[in-house]
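Rule-based calculations on the coordinates, nothing more; no lab input. The structure displayed is predicted, hence computed values, not measured ones. Cβ sites come from the backbone with ideal geometry, for glycine too, and all protein chains shown count toward neighbours.
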Amino acid sequence: MNDTFSSTITSDFELVCEDNYWRATFQTAYMIGNFFGSPLNGFISDKFGRRLTVTTGSVIFITSSILTAWMPDFTSLLSLRFFDESPRWLIIKGRFEKAYNVLEKAARWNKTSIPEKDKLMDIMKGIKENATDKKESEVIAKESIGDKVKKILLQIIILFRTPEIRKRTLLVYVDFIVASTVYYGLSLNSKNFAADPFIYMMLTGLMEVPAYTLTAPIVARFGRRTPTSVCYSLCGVTILILAFIPSDPAWLVITLAMIGKLCISSAYQILYLISSEIFPTEVRLQGLGTSNLVARIGAASSPFITDLLGASYPWAPSLVFGSAGMVAGVATLLLPETLNKPNA
């Protein structure tokens, strides 16, 4: 890998030997941020508006991503992954000047503009007033965070209320965890395949195109369950083969890996459709939302499988991903078909 890259996080911060687990931790930190950020951003956008949330989050994300190039040590670099919410927190705390400075710096870094200071201050004060308004007429409408959490938990419990709903929920969770684990794992696994990382990443990206365009007519004709199960199973078979063959010839390894990526991307795509149809209407959003959350568990585990396990046993990630794909293929067959069945 040193022949390919002149500088990496591993070489810059000497993440080798007993510190090699930090490489996987760095990649996992991003997924952990997604795990907590998804529901948190939903709450913030409901409270303060979609546009402000997206704009502020995007500016801070871009800025923090650029700043990673100048981090003096690995701890600072890792901490920057969790920098996303700072301006929002400052606004809620009434520290408008500090929030303005952060946004101004972010805009300067990105060569963009923000509203004039007086106007932006008025906007931030309005957000602060909205967050702290305690008028009696709005007490019922504005639930406390504790009430919201309690309400969300009660809605999630509904997903496990009856044996049938419980079975569907758990099977969909399994499918999402596997899809996320294998999807991100294959993207990170070029080193264990002894493949050129640039060509490998380009090909994995290209596999997304047919995966997202061909699935629509397929599921419209053959349903959701069978194509998803076939995609999982075919992915599992091709990746399992990789665990038992040498890395040469390289074209065969890359071909099998790309077939696996195509299949898991297709399964992932259809899985979102399944999860939007398989739950009862009253808990459909909760089912889809919690499925996305558990998927992050799989995504967070992928770097440890490819980097730590793969460093000692290069064939092991393929064995794990392939076996997981086979399990998900069977699990999907236990779900009901939803094509043309609105009450499935």
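For the reader, a short list of remarks on this structure follows.
- Cβ-Cβ distance of Leu334 and Leu214, R₀ of 22 Å, FRET efficiency by 1/(1 + (r/R0)^6): the value works out to about 0.30.
- Along segment 248-255 the Karplus relation, 6.51 cos²θ - 1.76 cosθ + 1.60 evaluated at θ = phi - 60°, assigns HN-Hα couplings of 10, x, 5, 4, 5, 4, 5, 4 Hz to successive residues, with x for each Gly and Pro.
- Within-12-Å neighbourhood charge of Tyr268 [Cβ basis; K, R +1; D, E -1]: -1
- Neighbourhood net charge (14 Å Cβ-Cβ; Lys/Arg +1, Asp/Glu -1) for Leu339: +2
- Per-residue Karplus couplings for segment 95-103, computed as 6.51 cos²θ - 1.76 cosθ + 1.60 with θ equal to phi - 60°, are listed in order as 8, 5, 4, 5, 4, 5, 4, 5, 5 Hz, Gly and Pro entered as x.
- Of the chymotrypsin sites (Phe, Trp or Tyr not before Pro) in segment 171-258, the ones in a loop by DSSP (not H, G, I, E or B) with at most 12 other beta carbons within 10 Å are Phe244.
- Surface/4 of the Cα convex hull for segment 162-333, nm²: 9.5
- 25 Å Cα-Cα threshold exceeded, pairs from Lys167/Lys261; Lys167/Lys341; Lys98/Lys151; Lys119/Lys150: Lys167/Lys261; Lys98/Lys151; Lys119/Lys150
- Full extension of the chain segment joining Glu164 with Ser113 gains 13.1 nm, where the gain is 0.36 nm per residue of separation less the Cα-Cα distance.
- Residue-count net charge about Tyr173 - beta-carbon cut-off 14 Å; Lys, Arg +1, Asp, Glu -1: +3
- ³J(HN,Hα) computed for each position of segment 175-181 - Karplus, 6.51 cos²θ - 1.76 cosθ + 1.60, integer Hz, glycine/proline x: 4, 5, 4, 5, 4, 5, 4
- For segment 162-235, a/c is not less than 1.5, where a ≥ b ≥ c are the root eigenvalues of the C-alpha gyration tensor, and a/b does not top b/c. That puts it in the oblate class.
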